[in-house]
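Attaching a single structure in structure tokens format; questions to follow.
The values are calculated or read from the model by the stated rules, or taken from the named source; none is laboratory data. As the structure is a prediction and not an experimental result, all values here were calculated from the model. All Cβ positions, even for glycine, are placed from backbone atoms using ideal geometry, and neighbour counts span all protein chains on display. Note: areas computed on protein heavy atoms with side chains; ligands, DNA, RNA excluded. Shrake-Rupley method; radii C 1.70, N 1.55, O 1.52, S 1.80 Å.
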Amino acid sequence: MLAAGETASRLLAVEATNGSLRAMIDCNPTRSGRKQLEISSHVVNDGVVRLAVAGDIDESAADHLHDVIVHAAQGAAQVVVDLTGVGVCDSAGVGAVVHACTRLNGQGVEVQVKNLHAANHR
């Protein structure tokens with residue numbers, strides 16, 4: 001049970017086909033203004049995985065985002081996280097991306113984060 005002010009998210013679906021991954025996260029399913037975060041990945045070339053993130057990244061989606069980034073990077077030499085489709089990214093979202101990058105760097109995976117604009121932070 002959630003206390004007042006807490007948020008929740010639910011991983012709706014994960015599809016994996018031919019080296020691609022697609023995850024849908026239902027953010028704030030307990031609230032009426034719920035949104036979805038979509039994360040898709042594909043192998044650009046040998047050892048490079050590109051993740052495209054679309055939607056808002058807030059505390060309700062941060063843990064799932066971290067897990068999907070780490071999972072998609074398995075066996076990769078480099079991961080590119082493209083945040084072009086992100087509308088808003090709060091501090092929990094930034095923290096999830098930084099934590100995933102730190103974890104992957106520790107495993108020898110190079111990580112690049114692209115297209116997170118200052119206007120998207122809250």
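Could you compute the net charge surrounding ALA77? Neighbours are other residues with a C-beta less than 10 Å from the C-beta of ALA77; K and R count +1, D and E count -1.
-2
While we're here: Please list, in order along the stretch 97-113, the HN-Hα scalar couplings obtained from phi with the Karplus expression 6.51 cos²θ - 1.76 cosθ + 1.60 (θ = phi - 60°), rounded to whole Hz, x for Gly and Pro.
Along the stretch 97-113, the couplings run 5, 5, 5, 5, 4, 4, 4, 5, 4, x, 9, x, 9, 7, 10, 10, 10 Hz.
Label the stretch 69-122 by shape, choosing from rounded, prolate and oblate, from the square roots a ≥ b ≥ c of the eigenvalues of the Cα gyration tensor; if a/c is under 1.5 it is rounded, and otherwise prolate applies when a/b is larger than b/c, oblate when it is not.
It is prolate, given that a/c is not under 1.5 and a/b is the larger ratio.
Just to make sure I understand: if all protein chains stay in place, what is the order of SER40, SER91 by accessible area at 1.4 Å, largest first? Numbers along the way, then the final one.
Details: SER40 40, SER91 95 Å².
Highest to lowest solvent-accessible surface, that is SER91, SER40.
Name the residues whose placed amide hydrogens come within less than 5 Å of the amide hydrogen of VAL111, ignoring near sequence neighbours (fewer than 5 apart) on the same chain.
The list, which skips near neighbours in sequence, is VAL79.
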